[in-house]
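Sharing a structure with you now.
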Amino acid sequence: MAVLPKDFVWGVSTSAYQIEGAAAEDGRGPSIWDTRCRTAGGVVNGDTGDVACDHYHRYAEDVALLRDIGVGAYRFSISWPRVLPRGRGAVNEAGLDFYDRLIDRLLEAGIEPWACLYHWDLPQALQDLGGWANRDSAGWYADYAVLCARRFGDRVTRWATFNEFSVFTLFGYALGWGAPSVSDRGEHLKVIHHTNLAHGAGVDVLRALVPGASIGAVHSFQPCRPADPAPENVEAAALFDELWNLCFPDAQILGRYPPRIARAIEPYVQAGDMARICRPVDWFGMNHYAPLFAQAEPGAVWGCGFGAPPKGMPRTDIGWPLQPSAFHEALMHAAARYRLPIYVTENGYGTKAPESPDAQGIVMDRERLDYLQACIGEMARAVRDGADVRGYFVWSLLDNFEWGGGYGTRFGIVHVDFETQARTPKESAKWYSALIGGALGGQTAATPGTGRFAGRS
Ligand code: FCB
């Protein structure tokens, strides 16, 4: 690990809706994910975020876990409907108090809070006004950012404006797999543009109100490949790449949309918009899991969709390809294209396996551990190859509400028994803790070519 900078940030990430629960408590208003959970077929098993990991009540225990693992940083999101139950107007003091308590606990434990303003839980009251498809949404978001910056900016300097614009917009407005369950090309284009405008406004607010703010946005960044060399699939992959990887960071950092999106989005772009979107940020937040394979899909909103990974490529039991070298590729691509310091704000391994503790209380999650180890090795290789990577956050601290997958898909390095809410660190958490603490000798842990998945690409 000698290759990583001395002040490299090791952390874990979570998000509000996925862990907090207390969905109707202390004045929290409903979000679009509460609505999605109550829509037939919206979430596997009819699971909801009503209780989730009960983090709202157990945050102190969870901060103690973070301290025990030894992370230097914790990325969480603020629930907009918890602090502004109707999205704008009346403020919910009890909601703000919760984040005060959480932030203070983190600071007492010596853990740097990284706050994300939007991890997919738009207040339902704003959705009722058109949500992100309404151009006013950028102003609603800016007002919410002012509230958070004023309240928490004395203690929080690390801010992300949004988490994975491309995923929540594509899933929520084109593919119909996420809240608010819309499938419409025009609506999707508006939402792409308006969330970009909101980002720009958010950067300005944070810059003005938070002394010494370190501001970025979190992007899902996965190499996007054609499922096979057929020309229509090559074109589908190029379009999917723009939708998934490029149309947010290109607009925000380079000041332009990639070509296919630029043509389609033109009707929604007003004079001065690109300058409003492209505001100076301090870092590029990258969430990386696996390469994507795209194919033409006549009849789909964009005429393209997910294809199967090549035969023989190892996959998780939720179907995600295991190809750690794609992480190196993604890091090198982002480093060259955006020329910003990179923080890996999510990387992880999900499984449908129950991963229950054995009689000795051990949760042996070998595959997750191996995958994390291989990915960290690929990150070290990217740093050696010149990428300016300054931090890495595992997704996720806890097993949690995995959106459409409900509680059936586990990404945590800490096991959660959803009956009792008991937390049990998995072997991956112990390994990560040792890595951070240097007990694995660092060099070994992050040396490319080690780990079970190494060399399989
Ligand atoms: C990302 C999301 C995060 C989680 C992981 C598995 O796309 O940002 O909330 O669901 O995937």
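Kindly provide the helix-only [θ] at 222 nm of the chain, computed as the sum of -39,500 (n - 2.57) over DSSP H runs of four or more divided by all residues, to the nearest 500 deg cm²/dmol?
So the calculated ellipticity at 222 nm is -11000 deg cm²/dmol.
Counting Lys +1, Arg +1, Asp -1, Glu -1, what net charge surrounds G404 among other residues with beta carbon under 11 Å of its beta carbon?
With Lys, Arg at +1 and Asp, Glu at -1, the neighbours total -1.
Continuing with the same structure: Based on the alpha carbons, how large is the Rg to Rh ratio for the stretch 257-319 when Rh follows Kirkwood?
A ratio of 1.10.
Another question, if that's okay. Quick check on the stretch 9-440: of the DSSP beta bridges with both residues there, what percent are antiparallel, nearest 5%?
20
I need the Debye-formula profile for the stretch 100-206: one equal scatterer per C-alpha, no solvent, reported as log10 I(q)/I(0) at q = 0.10, 0.11, 0.16, 0.21 1/Å, two decimals.
-0.31, -0.38, -0.72, -1.05
I need the calculated FRET efficiency for the pair L129 and A353, taking r as the beta carbon distance and R₀ as 35 Å, to the nearest 0.05.
Computed FRET efficiency for L129 and A353 comes out at 0.25.
A follow-up question, please. Considering all projection directions equally, how large on average is the shadow of the alpha-carbon convex hull of the stretch 175-328, in square nanometres?
10.8
Another question, if that's okay. How much solvent-accessible surface does I103 expose, in Å² to the nearest 10, with a 1.4 Å probe and all protein chains in place?
Ignoring ligands and nucleic acids, I103 comes out at about 0 Å².
Further question: How do the peptides 128-135, 395-402, 332-339 rank, highest first, by the average count of neighbouring beta carbon atoms within 10 Å per residue?
In decreasing order of mean packing, 128-135, 395-402, 332-339 become 395-402, 128-135, 332-339.
Sticking with this structure for a sec: So, by mean Cβ neighbours within 10 angstrom, what's the order for 68-80, 50-62 with the highest one leading?
68-80, 50-62
Report the calculated FRET efficiency for A90 and R207 (r = Cβ-Cβ distance, R0 = 25 Å), to the nearest 0.05.
0.40
Can you tell me the Rg and the Dmax, both Å, for the Cα atoms in the chain?
When restricted to Cα atoms, the chain yields Rg and Dmax of 20.6, 64 Å.
Now, a different point. Compute the semi-axes of the equivalent ellipsoid of the stretch 1-67, taking the square root of 5 times each eigenvalue of the Cα gyration tensor, and list them largest first in whole Å.
Its equivalent ellipsoid spans semi-axes of 32, 16, 10 Å.
Once the piece of chain linking E297 and A238 is laid out straight, how much longer is it, given 0.36 nm per residue of separation minus the C-alpha distance between them?
Contour length minus Cα-Cα distance gives 19.9 nm.
Can you give me the long-range amide H partners of C224? Hydrogens built in the peptide plane at 1.01 Å from N, cutoff under 5 Å, separation of 5 or more residues or another chain.
L292
Out of every Cα pair in the stretch 266-417, what percent are spaced more than 19 Å from each other?
64
Starting from the 7 Å offset along Cα-to-Cβ, what nm value, one decimal, do you get for the label separation of H57 and M332?
For the pair H57/M332, the computed spacing is 5.1 nm.
Ok, one more. Starting at the first residue of the stretch 35-43, write each ³J(HN,Hα) from the Karplus equation 6.51 cos²θ - 1.76 cosθ + 1.60 with θ = phi - 60°, in whole Hz, x for Gly and Pro.
Ordered by residue, 3J(HN,Hα) equals 5, 4, 5, 9, 9, 3, x, x, 9 Hz.
Under the definition of Cα pairs under 8 Å and six or more residues apart, what whole-number percent is the relative contact order of the stretch 85-210?
The normalised contact order for the stretch 85-210 reaches 31 percent.
With +1 assigned to the C-beta of every Lys and Arg and -1 to the C-beta of every Asp and Glu, and no other charges, what is the dipole magnitude of the stretch 9-440 about the Cα centre in debye, to the nearest 20?
Taking the Cα centre of the stretch 9-440 as origin, the dipole is about 900 debye.
Now, a different point. Can you figure out the FRET efficiency of D104 with K311, using R₀ = 41 Å and their beta-carbon distance, to the nearest 0.05?
0.20
Which of the lysines could be linked to K430 by a straight reach, that is with a Cα gap under 24 Å, when you skip same-chain ones fewer than 8 residues away?
Within reach: K6, K352.
The values are calculated or read from the model by the stated rules, or taken from the named source; none is laboratory data. Here the structure is a predicted model, which means the values were calculated and not measured. So basically every Cβ, Gly included, is an ideal-geometry build from the backbone, and we count neighbours across all protein chains shown. For accessibility, only protein heavy atoms count, side chains too; no ligands or nucleic acids. Shrake-Rupley method; radii C 1.70, N 1.55, O 1.52, S 1.80 Å.
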